[in-house]
Amino acid sequence: MLYFNRRRFVISAASASAIFGLTKRVEVIPSALAQTDGASPLNPTGAKFHKFKVGDIEVTTIFDGAGQRDHDPQFVKNASVEDVKASLRAAGMPDDTVPNSYTVTVVKLGDRTIMFDSGNGAGRAPGIGLLSENLKAAGIDPASLSAIVVTHFHPDHIFGLMAGDNGQVYSDIEIIVPEVEYAFWTDPAVIDKLPESRRGLARRVQATMPSWKNLSQVAEDKDAVPGVRAVKTYGHTPGHTSYLVSSGSAQLLVLGDVTNIPPLNLRNPGWHIAFDQDAEMAEATRRSIFDRVVADQIICTGYHWGMPGAGTLEKDGDGYVLKPVA
């Protein structure tokens, strides 16, 4: 069984399930409760949400939208566009563009409802920013949230917290952010150190979060809230943090952006995506965290995995594949 103590991440030996081949397409098995509206390569059924349980942990993954990006030789820094296309085809996806999607995880632990990240925010781009309406479709009232726990500060994860230029969407709900991530983005000196493309994000974080009265920080290997332990998964950003949700023997790992979409750097963990701030560290994080969860088939959620956005991981050669939850 996988568990944490105050010093380390521990996993017992266990046999992995039968191998789920790299050339087999990634299946998406929609919930009988999910409503649908539109479809995309990473959400073929157009599901708005998906509900499942891990022990007595009630999990709902919420679709925040999807888009496509044109192929760019710089998107995967150490793989060619043809390599990317081949990996998409092997996963049963079209290869004319690179799909992307956004899936927010909500868990219910007893009488507490915790949301991880906040989506893109409404109006960011066509077909993106659907979290609010899809929460309602799933029967979740945002006002009922006990806390919002953040993995990292990229726009698709935190802009849903922000209203207008400097406003706040969830002023009455506790917002918990990783300590290292907060320190990096709120340091005034960081702006001049960042590439131009990231300076606007740092400025927006600094104009908003430090004034929020309902914001607190969590250190690595500490509880964000009871039953939700912060797991250091640095690399994608300096303080990127995943969260282990536990209730009795039941465990769920909310990964955030440890990987991008499954056909890319889940299947090819050595691929360095342009969004990873420290690509070497991000790769080491992927390999370390996945080797620890794969043997015991711990259910994980991934922010860019499409829908249902959750499943177990299995090793295949040098890579990993996703077996989605039912």
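The values are calculated or read from the model by the stated rules, or taken from the named source; none is laboratory data. Values in this document were obtained by computation on a predicted structure and should not be read as measured data. Cβ sites come from the backbone with ideal geometry, for glycine too, and all protein chains shown count toward neighbours.
Quick look at the numbers
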read-out: Verdict on N100 being in a loop (DSSP other than H, G, I, E, B), of a type outside the set (A, V, I, L, M, F, W, C) and touching a His at 6+ places or on another chain (Cβ under 8 Å); value: no
read-out: Residue identified as over 13 Å from the mean Cα position of the chain (by Cα), crowded, with 24+ Cβ neighbours inside 10 Å and in contact (Cβ under 8 Å) with a residue 12 or more places away in the chain among L253, L322, L215; value: L322
read-out: Test: A274 is closer than 22 Å to P73 by Cα and in contact with an Asp or Glu (Cβ under 7 Å, 6 or more places away or on another chain); value: no
read-out: Verdict on L42 being in contact (Cβ under 8 Å) with a residue 24 or more places away in the chain, buried (at least 20 other Cβ atoms within 10 Å of the Cβ), more than 29 Å from A250 (Cα to Cα) and not charged (D, E, K, R); value: no
read-out: Among the candidates T186, T208, T233, residue that is at pLDDT 95 or above, within 20 Å of the chain's Cα centre (by Cα) and closer than 19 Å to I158 by Cα; value: T233
read-out: Filter result for I114 (farther than 30 Å from G319 by Cβ and assigned to a loop (DSSP other than H, G, I, E, B)); value: no
read-out: Unique match (being touching a residue at least 60 places away in the same chain (Cβ under 8 Å), closer than 30 Å to R198 by Cβ and among the charged types (D, E, K, R)) among D56, D64; value: D64
read-out: Only listed residue being of a type in the set (S, T, N, Q), at pLDDT 95 or above and touching a Lys or Arg at 6+ places or on another chain (Cβ under 7 Å), chosen from S118, S146; value: S146
read-out: Strands (runs of 3 or more DSSP E) lying entirely in segment 247-319 (those with 1 or more residues that are over 23 Å from I114 (Cα atoms) and touching a helix residue (DSSP H, G or I) at 6+ places or on another chain (Cβ under 6 Å)); value: 310-316
read-out: Residue, surrounded by the fewest Cβ atoms within 10 Å (Cβ to Cβ), within segment 152-198, restricted to residues that are assigned to a helix (DSSP H, G or I) and small (G, A, S); value: S197
read-out: Members of segment 260-288 that are closer than 23 Å to P41 by Cα, surrounded by fewer than 21 Cβ atoms within 10 Å (Cβ to Cβ) and among the charged types (D, E, K, R); value: none
read-out: Residue in segment 210-231 that is touching a helix residue (DSSP H, G or I) at 6+ places or on another chain (Cβ under 9 Å) and β-branched (V, I, T) present; value: yes
read-out: Count of residues meeting criterion [more than 29 Å from P238 (Cβ to Cβ), part of a loop (DSSP other than H, G, I, E, B), small (G, A, S) and out of contact with any Ser or Thr (no Cβ under 8 Å at 6 or more places or on another chain)] in segment 128-151; value: 1
read-out: One residue from G123, G119 being in a loop (DSSP other than H, G, I, E, B), over 24 Å from P262 (Cβ atoms) and not aromatic (F, W, Y); value: G123
read-out: Any hit, segment 96-113, residues being of a type in the set (V, I, T), at pLDDT 95 or above, within 29 Å of H272 (Cβ to Cβ) and out of contact with any Phe, Trp or Tyr (no Cβ under 8 Å at 6 or more places or on another chain); value: yes
read-out: Members of segment 71-97 that are in a loop (DSSP other than H, G, I, E, B) and surrounded by fewer than 17 Cβ atoms within 10 Å (Cβ to Cβ); value: H71, D72, P73, Q74, K77, N78, S80, G92, P94, D96, T97
read-out: Restricting segment 98-120 to residues that are closer than 20 Å to M307 by Cβ and of a type in the set (G, A, S), the residue that is surrounded by the most Cβ atoms within 10 Å (Cβ to Cβ); value: G119
read-out: Residue check for A14: closer than 26 Å to K232 by Cβ and modelled with pLDDT under 95; value: yes
